[in-house]
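Worksheet: the structure to be examined is printed underneath.
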Amino acid sequence: AGGGGAAMADGEGLLSVDYEVFGKVQGVFFRKYTQGEAKRLGLVGWVQNTSHGTVQGQIQGPAARVRELQEWLRKIGSPQSRISRAEFSNEKKIEALEHKEFQILK
């Protein structure tokens, strides 16, 4: 076959992106809500609290869905959270998902 061309034919390739969310995002069920939103969008990856008061993780899935979760992380979050900003890094196209589900890591 044409070396991965088929997956891109629908204009929907898979993306992987790392994220970190700053603000009041710990102790407000941010991880649980992020997991719920990711599952609703059919995305995989992970989320965890950091020692410096942020939430970080990785998202993988169809590009359009990844973009939706990025917007959600930037603007919405859990009901009691106060997001000051979200940073995204290491964005890349992937051939296959590297996670089976969206997990909350301790």
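The values are calculated or read from the model by the stated rules, or taken from the named source; none is laboratory data. Keep in mind the model is a prediction, meaning the values are calculated, not measured. Note that we place each Cβ from the backbone using ideal geometry, even for glycine, and neighbour counts take in every protein chain shown. We work out accessible area using only protein heavy atoms, side chains counted, and drop any ligands, DNA or RNA first. Shrake-Rupley method; radii C 1.70, N 1.55, O 1.52, S 1.80 Å.
A few comments on the model shown:
- Whenever a residue of the range 78-106 is under 17 Å from residue 44 (Cα atoms), its partners that are at pLDDT below 95 and hydrophobic (A, V, I, L, M, F, W, C), lying with C-beta atoms within less than 8 angstrom and at least six residues away or across chains, give the pairs 95/7.
- Hits in the range 1-31 (condition: in a loop (DSSP other than H, G, I, E, B) and at pLDDT below 95): 1, 2, 3, 4, 9, 10, 11, 12, 13
- Among the residues making up the range 18-32, a single one is open to solvent by 40 Å² or more (accessible area, probe 1.4 Å) and hydrophobic (A, V, I, L, M, F, W, C): 29.
- Scanning the range 59-84 for residues that are part of a strand (DSSP E or B) and at positive phi yields a single hit, 61.
One line per residue, one yes/no per condition, for (1) of a type in the set (Phe, Trp, Tyr); (2) surrounded by fewer than 15 Cβ atoms within 10 Å (Cβ to Cβ); (3) out of contact with any helix residue (DSSP H, G or I) (no Cβ under 9 Å at 6 or more places or on another chain):
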{"position": "41", "(1), (2), (3)": "no, no, no"}
{"position": "45", "(1), (2), (3)": "no, no, no"}
{"position": "57", "(1), (2), (3)": "no, no, no"}
{"position": "65", "(1), (2), (3)": "no, no, no"}
{"position": "72", "(1), (2), (3)": "yes, no, no"}
{"position": "80", "(1), (2), (3)": "no, yes, no"}
{"position": "89", "(1), (2), (3)": "no, yes, yes"}
{"position": "95", "(1), (2), (3)": "no, yes, no"}
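- Every test in (1) open to solvent by less than 60 Å² (accessible area, probe 1.4 Å); (2) free of Cβ contacts under 8 Å to residues at least 24 places away in the same chain is passed by residue 52 save one, and that test is (1).
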